[in-house]
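Here's the structure, in structure tokens; my notes come after.
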Amino acid sequence: MNKLSKEDAWNLLTAYTETPALQKHALSVAAAMEHFAGLAGEDPEVWWVAGLLHDLDYEKFPEEHCRKARQIMEDKGIDPLYIRAMLCHGYGICTDTKPESPMEKTLYTIDELTGLIHAACLVRPSKSILDLEVKSIKKKFKDKAFAAGVNRDVIRSGCEMLGQPLDDVIRETIAGMKAHAEEIGLKGNL
């Protein structure tokens, strides 16, 4: 495989994604992916890059989400492993590329979940992920009005694909994001 460095991936992302909130989302997904790679005994840098680039085209080409990213990545000679992971995160929404590998299934599952976790942190008194617990996210998960744009069915479906309970996936996603709290803007006032 032709591995992409974190620096090259960041430069590619920021060439197409200028909005700080979207950059922080990409970093949140990358952080969680890196953590899950360690749990799976896989290469954390490969998973981090896959997470970082999953929404490469979203800011500039929202109506062509995933299709435009595929074109951009292919034109730049990016390894098909990253392209396929990016396509899988849109499975059933904007692509028909079904997640098969552990990396693809994880990316599909945690993309939406990191958004829910981020939103939950922002309404906490601490504004931080550092004191966040699974039960807080479970409560927000059940409240369909909270972060209504988060597709809970994708998260549930992803947990089934991974063969892991929702609580475990939430706990490990939080752990991955915690390790990069400052970078993703969720250190809060702790």
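Each reported figure results from applying straightforward, stated rules to the coordinates on display, with no laboratory input. Only a predicted model underlies this, so the values are computations on that prediction, with no experimental measurement involved. Neighbour counts are summed over all protein chains in view; Cβ atoms, including those assigned to glycine, are modelled from backbone coordinates with ideal geometry.
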Return only the number of the condition from (1) in contact with an Asp or Glu (Cβ under 8 Å, 6 or more places away or on another chain); (2) surrounded by 20 or more Cβ atoms within 10 Å (Cβ to Cβ) that Lys138 does not satisfy. (2)
For the structure I just gave you, tell me whether Ala120 is crowded, with 16+ Cβ neighbours inside 10 Å, in contact (Cβ under 8 Å) with a residue 24 or more places away in the chain, touching a Lys or Arg at 6+ places or on another chain (Cβ under 8 Å) and assigned to a loop (DSSP other than H, G, I, E, B). no
Do we find that Ile137 is under 22 Å from Trp48 (Cα atoms), in contact with a Leu (Cβ under 9 Å, 6 or more places away or on another chain) and either not in a loop (DSSP other than H, G, I, E, B) or not aromatic (Phe, Trp, Tyr) (or both) in this structure? no
Answer from Ile78, Ile83 - the residue that is without any contact (Cβ under 8 Å) to a residue 24 or more places away in the chain, of a type in the set (Val, Ile, Thr) and over 25 Å from Ile174 (Cα atoms): Ile83
Can you tell me which residues in segment 158-171 are in contact (Cβ under 8 Å) with a residue 24 or more places away in the chain and either over 13 Å from Lys135 (Cα atoms) or surrounded by fewer than 19 Cβ atoms within 10 Å (Cβ to Cβ) (or both)? Gly158, Cys159, Met161, Leu162, Asp167, Arg171
In segment 10-51, the residues that are out of contact with any helix residue (DSSP H, G or I) (no Cβ under 6 Å at 6 or more places or on another chain) and either of a type in the set (A, V, I, L, M) or under 16 Å from Ile110 (Cβ atoms) (or both): Leu12, Ala15, Ala21, Leu22, Lys24, His25, Leu27, Leu39, Glu42, Val46
Across segment 129-185, the tally of residues that are of a type in the set (A, V, I, L, M, F, W, C) and touching a His at 6+ places or on another chain (Cβ under 7 Å) stands at 2
If you scan segment 1-56, which residues turn out to be among the basic types (Lys, Arg) and free of Cβ contacts under 8 Å to residues at least 60 places away in the same chain? Lys6
